[in-house]
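This report concerns only the one structure given below.
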Amino acid sequence: MSSSSWLPVQLTSMAHNVDLLFYIMLGIITFFFVLVEVLLITFLIRYRRSAKNQVGVNVHGNNVLETVWTLIPALILVFMGAYSVRYVYEAQNPPAKPLVIEVIGHEWFWEFKYPNGLDTHNDLRIPAGQNVLFDIHSADVIHGFYIPEARIQQDALPGRITQFWVNVDAKDVGKQFQVPCDQFCGAGHPIMVGQMTVMSPDDFNTWMQTELQKQQAKS
Amino acid sequence: MEAVLQVPRRSFVREWVLTVDHKKIGIMYGVTALFFFLIGGLFALLVRTDLLSYKGVFDAQSYNEFFTMHATVMVFLVIIPMLMGAFANYLVPLQVGARDMAFPRMNALSYWLYFVGGITILLSMVYGMPDSGWTAYPPYSLTSQGPGMDFFVMAIHIVGLSSILGAINIIVTVHRMRAPGMTWNRLPLFVWSTLVTAYMQLFATPALAGAVTTLLLDRHFGTVFYDSSAGGDPMMYQHLFWFYSHPAVYIMILPAFGIISEVIPVFARKPIFGYHAIAYSSVAIGFLGFFVWAHHMFVAGMQMSAGIPFMISSLVIAVPTSVKIFNWLATMWRGAVEYTVPMMYASLGFIGSFIIGGFSGTIVAAVPLDMHLHDTYFVVAHIHYVLFGGAVMCIMAGIHFWFPKLTGRMYNEKLGYLGFWLYFIGTQVTFFPMHLVGLAGMPRRIASYAPIFQTWNQVATIGSYILGLGTIIILYNLMISAKYGRKVGHNPWHARTLEWTVSSPPPEHNFDEIPVVTDSPYRPYKPEELTASKESA
């Protein structure tokens, strides 16, 4: 498969976990998908009408079967739900002392505010191996802050702060990823794409300082 | 032998415009909904054409109007009115053994409200189309320029009112007007499913009215329901909207399930397997359908863990649906399956495609996976497998199944099969690739996109053209067959529900004498009765 049609690279250990959950669920549903399609096609072929006045057997139902095909899907689905719960809390609770980057959605660009006061447009840089927490909100309409490689997103709303955190693997230092807006926000929605660069912590700090100086010199 | 009462030929206005006959109103609903199906389909083709190139073919503003109109028309003017206006109207009184709906004039009113609502949407094509998506989330929908949003709000109000009136009619008809002997345990499964759906419409639609009314007040009357700078909260709209619009998904699929439950036993020549399980699972879906709405909002600003109860309810609602699937399969087991056009739509077309939408629903129901897939093309793939692979396949099964009843004539079978195969193949080619680009992270509702997604998007666009061709062939077939089709008797399929006991088309008051029901419509077939009834067929 080319990169255009399957899960993107895994940027964080959480992305790895989410993919694992996805593959487990995909495995289960593929089994049932094949089961249903095979039964459907088998019954269509095996029991096709061969004589004009042929009739089917006189069966109205079977309580044992009904119980089986109610309980088994129910158990599997509840298992899927219970298995997912762990990841929900993992994603929800930010780790202690993260680096906080403020994300503000605008029509139509992303604004990022770094701890030292640096302010960028569509240029997101994060240090690898550190816990980074995004404080997300919007200056106008609702946007969607989405990092496909981290398998996570939160809407950016006016008047409300949403959050998620990432901890990017060191192996991805130097790589760039796109950070699209995925909540419809008007004519500029498709071009509202930020660029995320993963840096080593040292490079990140240097970059933050020099950029801030440049910005201050300009103003 | 029979006294022939000479009825003078009535004018078109008397015959159709002023009619309160549920069958004529049903046909008017159906024809209007098919007209809007063409309009909604045209917008879908514009959307897909734009996506042929990653740069987009049209400008973003036009694209936004196209996808908004596509969804608005398909949801409010095609699928819901087709199922609950056309099918339920035509069939419910006949199937319960009544002469008409409980409130025939109100029935006509609900059609004409729908008609006016539809015209309102069409007018927006002249005066400026809404561009906010069918979800119309504020604050964007508040800032949306031009009268498009106002047309949208008005149309939703009018169509919503029509929906509520129609629902009341169905509820009262089923509860009060069943023929003697038509007990709940003999009620056709289509009637069961429309009854549950009518209750859902009655309870859910007011929430949507509240949502769009507050939207209108915020736009024009200075209120601040959704203005966060003044203490309002845009998320409140989403709660109201989805409190209607998630049940609406079941409103669009439950009557479709009902059609399948009628079609499969007739062509398998077998009693339906698990009658009670199918009927009660509709009730279960109707009930659970009100407790899953917030799964549309996992990333919308809720605390992530607040999504957990909604995740569980959304997974659990898959159980009654899978119960139905297994019962339909079991109905085909050891049957005598005939590959008619409606049976092809019901079996391969519906079961074969819809389960993909059901399964992908469990994926997006899981909160951690939805964190990735929300607002991507995966969701677009999911809903289209449910609504096209599901609802539209059932609608086509139903149209072909009851076509001889409506017209007294048979559709052209060759064209019927051709239409089916174009629909079946077109559905997979159009909607399956959307899963793939969605998993890879392509957001929905974008007029232009990253170049890596182009190949699959072009495949999907080709699929949509196949569906367009299929639609033309299907509608052409229905039109010519209504006039020139082979004449058939009152019951060409040897079906058992009451509408098949009267002539095709049925007389104005349905039954000369109200039937006394003594048995289930799903009793077993005997070979000798097939031969005996051949004369009348």
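Is there a quick way to get the dipole size of the stretch B:190-347? I mean about its Cα centre, with the Cβ of Lys and Arg at +1 and of Asp and Glu at -1; what is the value in debye to the nearest 20?
560
Looking only at A:Ile161, A:Ile191, A:Ile136, which one moves most when chain A is put into a Gaussian network model with springs between Cα atoms under 10 Å?
Sorting by GNM fluctuation, first place goes to A:Ile191.
Return the tail of the calculated pair distribution for the stretch B:281-341, meaning the percent of Cα-Cα pairs more than 18 Å apart.
Beyond 18 Å sits 52 percent of the P(r) for the stretch B:281-341.
Counting only DSSP beta bridges with both residues in the protein assembly as shown, tell me the antiparallel percent, nearest 5.
Bridges in the protein assembly as shown that DSSP calls antiparallel: roughly 70 percent.
Which whole number gives the average, over all residues in B:320-330, of C-beta atoms from other chains lying within 10 Å of the residue C-beta?
The shielding value for this peptide is 5.
Could you point to the residue in B:Thr455, B:Gly335, B:Val323 farthest towards the positive end of the protein assembly as shown's charge dipole, with +1 and -1 charges on the Cβ of Lys/Arg and Asp/Glu respectively?
Checking the options against the dipole of the protein assembly as shown, the answer is B:Gly335.
So which lysines pass the test for B:Lys526, namely a Cα distance under 30 Å, with those fewer than 8 places away in the same chain ruled out?
A:Lys52, B:Lys270, B:Lys324, B:Lys405, B:Lys414, B:Lys487, B:Lys534
Using a cut-off of 14 Å between alpha-carbon atoms, which aspartates and glutamates can reach A:Lys113, once sequence neighbours fewer than 8 places away in the same chain are excluded?
Straight-line reach from A:Lys113, under 14 Å: A:Glu102, A:Asp123, A:Asp135, A:Glu211.
Please compute, for peptide B:519-530, the average count of beta-carbon atoms on other protein chains lying within 10 Å of each residue's beta-carbon.
Mean partner shielding for this stretch: 3.
Could you give the dipole magnitude of chain B about its Cα centre, charging the beta-carbon of Lys and Arg +1 and that of Asp and Glu -1, in debye to the nearest 20?
1160
Through the Karplus equation 6.51 cos²θ - 1.76 cosθ + 1.60, θ set to phi - 60°, convert the phi angles of the stretch A:165-178 into ³J(HN,Hα) values in whole Hz; use x for Gly and Pro.
Those phi angles translate into 10, 9, 9, 7, 4, 5, 5, 9, 4, x, 8, 10, 9, 8 Hz.
Please list the non-local residues whose amide H lies under 5 Å from the amide H of A:Trp110, H modeled 1.01 Å from N, same-chain partners needing a gap of 5 or more.
Under 5 Å from the amide H of A:Trp110: A:Asn122.
Measuring from the lowest to the highest alpha carbon on each principal axis, how far does the stretch B:236-330 reach, largest first, in angstroms?
52, 21, 17
Which FRET efficiency value, to the nearest 0.05, is calculated for A:Asn116 and A:Ala139 with the Förster distance at 22 angstrom and r the Cβ-Cβ distance?
The formula returns an efficiency of 0.55 here.
Dipole of the stretch A:75-219, Cα-centred, from +1 at each Lys and Arg C-beta and -1 at each Asp and Glu C-beta, to the nearest 20 debye?
220
Taking R0 as 45 Å, what's the FRET efficiency between A:Gln215 and A:Val9 from their Cβ-Cβ distance, rounded to 0.05?
E between A:Gln215 and A:Val9, to the nearest 0.05, is 0.90.
Through the Karplus equation 6.51 cos²θ - 1.76 cosθ + 1.60, θ set to phi - 60°, convert the phi angles of the stretch B:245-250 into ³J(HN,Hα) values in whole Hz; use x for Gly and Pro.
Whole-Hz 3J(HN,Hα) from phi for the stretch B:245-250: 6, 6, x, 4, 4, 6.
What's the longest piece of chain B with no exposed GluC sites (Glu not before Pro), counting a site as exposed if DSSP puts it in a loop and it has at most 13 other beta carbons within 10 Å?
B:3-507
Relative to the longest principal Cα axis of chain B, at what angle does helix B:454-484 sit, 0 to 90 degrees, rounded to 10?
Helix B:454-484 sits at roughly 30 degrees to that axis.
Filter the trypsin sites (Lys or Arg not before Pro) in the stretch B:394-432 to those in DSSP coil with at most 15 other Cβ atoms within 10 Å of their Cβ, and list the result.
Passing sites in the stretch B:394-432 do not exist.
Compute the acute angle (0 to 90°) between the alpha-carbon long axis of helix B:22-50 and the principal axis of greatest extent of the alpha-carbon atoms of chain B; round to the nearest 10°.
Result, in degrees: 40.
Tell me the relative contact order for chain B as a rounded percent, counting alpha carbon contacts under 8 Å between residues six or more apart.
Contact order relative to length: 17 percent.
Counting only protein chains, not ligands or nucleic acids, how are B:Asp150, A:Asp155, B:Asp519 ordered by accessible area (probe 1.4 Å), most first?
B:Asp519, B:Asp150, A:Asp155
Can you compute log10 of I(q)/I(0) for the stretch A:1-80 with the Debye formula, treating each Cα as one identical point scatterer, at q = 0.16, 0.25, 0.27 Å⁻¹?
Those come out to -0.87, -1.24, -1.27, one per q.
Less than 16 Å from a label point 7 Å out along the Cα-to-Cβ axis of A:Tyr83: which backbone N atoms in the stretch B:289-329 qualify, by residue?
Backbone N within reach: B:312, B:315-316.
Which of A:Phe79, A:Phe184, A:Phe145 moves most in a GNM of chain A, Cα contacts under 10 Å?
Judging by the Gaussian network model, the answer is A:Phe79.
Once the other residues with Cβ under 15 Å from the Cβ of B:Leu195 are scored (Lys, Arg +1; Asp, Glu -1), what is the net sum?
+2
State which helices in chain A qualify, where a helix is a whole DSSP H run, it must extend 30 Å or more along its own axis by its Cα atoms, and its mean Kyte-Doolittle hydropathy must be at least 0.0.
A:13-46, A:63-92
As a test of understanding, state the convex hull volume per residue of chain B from its alpha carbons, in Å³.
Considering the Cα atoms of chain B, their hull volume per residue is 147 Å³.
The stretch B:197-291: which chymotrypsin sites (Phe, Trp or Tyr not before Pro) are DSSP loop and have at most 11 other beta-carbon atoms within 10 angstrom?
B:Phe221
Write out the chymotrypsin sites (Phe, Trp or Tyr not before Pro) in the stretch A:1-77 meeting two conditions: DSSP loop, and at most 16 other Cβ atoms within 10 Å of their Cβ.
Here the chymotrypsin sites (Phe, Trp or Tyr not before Pro) that fit, given the DSSP loop and packing criteria, are A:Trp6.
Please give the helix B:352-365 orientation as an angle from the longest Cα principal axis of chain B, in degrees from 0 to 90, rounded to the nearest 10.
40
Considering all projection directions equally, how large on average is the shadow of the alpha-carbon convex hull of the stretch A:129-213, in square nanometres?
The Cα convex hull of the stretch A:129-213, projected and averaged over all directions, gives 6.2 nm².
5 Å is the cut-off here: which amide hydrogens, built 1.01 Å from N in the peptide plane, fall below it relative to A:Gly159, excluding neighbours closer than 5 in sequence?
Those lying under 5 Å, H to H, from A:Gly159 are A:Ser138.
Quick one: work out the % antiparallel among DSSP beta bridges in chain A, nearest 5.
Antiparallel bridges make up about 70 percent of those DSSP assigns within chain A.
What distance in nm separates the simple spin-label points at B:Arg105 and A:Val59, each placed 7 Å from Cα in the Cβ direction?
Label at B:Arg105, label at A:Val59, 5.3 nm between them.
Tabulate in residue order the Karplus-calculated ³J(HN,Hα) for the stretch B:318-332, using 6.51 cos²θ - 1.76 cosθ + 1.60 with θ = phi - 60°, rounded to whole Hz; enter x for Gly and Pro.
So the J values, rounded to whole Hz, are 6, 5, x, 5, 5, 4, 4, 4, 5, 5, 5, 4, 5, 5, 6.
Hey, any idea what the orientation-averaged projected area of the convex hull of chain A's Cα atoms comes to, in nm²?
Averaged projected area of chain A's Cα convex hull equals 19.1 nm².
For the stretch A:48-69 and the stretch B:442-512, what is the centre-to-centre distance using only Cα atoms, to the nearest Å?
Here the two parts' Cα centres lie 28 Å apart.
Please check: in the Gaussian network model of chain A (C-alpha springs, under 10 Å), which one of A:Gly105, A:Gly159, A:Gly56 has the largest mean-square fluctuation.
Answer for the Gaussian network model of chain A: A:Gly56.
Would you calculate the separation in nanometres between label points at A:Ile41 and B:Asp59, each defined as 7 Å from the Cα along the Cα-to-beta-carbon direction?
Distance between the two pseudo-spin positions: 4.9 nm.
Looking at the protein assembly as shown, I'd like the Rg to Rh ratio, where Rg is from alpha-carbon atoms and Rh is Kirkwood's inverse mean 1/r.
1.00
Give the long-range amide H neighbours of A:Arg125: residues separated by 5 or more places, or on another chain, with amide H under 5 Å away, using H modelled in the peptide plane at 1.01 Å from N.
For A:Arg125, whose amide H was placed from the backbone, the distant partners under 5 Å are A:Thr197.
The values are calculated or read from the model by the stated rules, or taken from the named source; none is laboratory data. Small disclaimer: the values here were computed from a predicted structure and weren't measured. Using ideal geometry, Cβ is built from the backbone for each residue, glycine included, and neighbour counts are taken over all protein chains shown. Ligands, DNA and RNA are stripped out before the accessible areas are found, and what is left, the full protein with its side chains, is counted by its heavy atoms. Shrake-Rupley method; radii C 1.70, N 1.55, O 1.52, S 1.80 Å.
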